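Here the structure comes first, spelled out in structure tokens, and everything after it is commentary.
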Amino acid sequence: MNPDEFEIPASSSDSIVAYTDGACKGNPGPGGWGVWLKAGAHEKELFGGAGQTTNNRMEMQAVIEALSALKRPSAITIVTDSAYVKDGITSWIHGWKKRGWLTADRKPVKNIELWQQIDALASRHKVSWRWVKGHAGDPGNERADRLANRGVESLLR
């Protein structure tokens, strides 16, 4: 198994939860993403970073990494503190696609390649999206935040 893949036993009824977060030192600036995948007793931490990027891109990259880590089609809850990610994927994307990836005011969608990647990955799974307030004590969100910051720190060394 690829070390970045996450698999729970096929016989397990545990649902998968992915806590995702992005971080940026400057916006734009060096950024990081973090994911804490959890299903019952099984868990996996993932993190990484990128040079000149934005916080929104790192929030999106965390979701991409979480969905990419699933070895087979799964039911998963993505927990994010990014209203941009949650609203984008659950609401705005439908209009963007109808308008050929243009916003309501006919401008190109920002971060289109990441939105398209999330859309394609999410179509392989049964995804529930949940927003939580960042830095408000949610243990999963706090852990994903620490992982995202590790991603930034790995670049700055």
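Checked against the criteria, N141 does not count as farther than 23 Å from I16 by Cβ and of a type outside the set (A, V, I, L, M).
For W115, the conditions (1) of a type outside the set (V, I, T); (2) assigned to a helix (DSSP H, G or I); (3) touching a residue at least 60 places away in the same chain (Cβ under 8 Å) all hold with the exception of (3).
With G26, G31 as the choices, which residue is part of a strand (DSSP E or B) and under 15 Å from E153 (Cα atoms)?
Details: G26 fails: part of a strand (DSSP E or B).
Of the residues listed, the single one that is part of a strand (DSSP E or B) and under 15 Å from E153 (Cα atoms) is G31.
For G51, the conditions (1) within 17 Å of G31 (Cα to Cα); (2) in a helix (DSSP H, G or I) are fulfilled apart from (2).
So in the stretch 135-157, with the set limited to residues that are touching a Phe, Trp or Tyr at 6+ places or on another chain (Cβ under 7 Å) and closer than 17 Å to K38 by Cβ, which one is surrounded by the most Cβ atoms within 10 Å (Cβ to Cβ)? Give the derivation first.
Taking the stretch 135-157 first, the residues touching a Phe, Trp or Tyr at 6+ places or on another chain (Cβ under 7 Å) are 140-141, 143-144, 147-148, 150-151.
If we keep only those that are closer than 17 Å to K38 by Cβ as well, we get 140-141, 143-144, 147-148.
Numbers: G140: 16, N141: 21, R143: 18, A144: 32, L147: 23, A148: 28.
Only one residue fits best here, namely A144.
With respect to the conditions (1) part of a strand (DSSP E or B); (2) farther than 23 Å from S15 by Cα, R130 lacks only one, and its number is (2).
For the stretch 77-101, filtered to residues that are of a type in the set (S, T, N, Q) and under 13 Å from N56 (Cα atoms), the residue that is surrounded by the fewest Cβ atoms within 10 Å (Cβ to Cβ) is S82.
Considering the stretch 1-23, the residues that are surrounded by 20 or more Cβ atoms within 10 Å (Cβ to Cβ) and assigned to a strand (DSSP E or B) include one that is modelled with the lowest pLDDT, namely F6. Say whether the condition of being hydrophobic (A, V, I, L, M, F, W, C), touching a helix residue (DSSP H, G or I) at 6+ places or on another chain (Cβ under 7 Å) and at negative phi is met by at least one residue in the stretch 70-77. No; the residues of the stretch 70-77 include none that is hydrophobic (A, V, I, L, M, F, W, C), touching a helix residue (DSSP H, G or I) at 6+ places or on another chain (Cβ under 7 Å) and at negative phi.
The values are calculated or read from the model by the stated rules, or taken from the named source; none is laboratory data. Just so we're clear, the structure is a prediction, and the values are computed from it rather than from any experiment. Cβ atoms come from the backbone with ideal geometry, glycine included; neighbour counts cover every protein chain shown.
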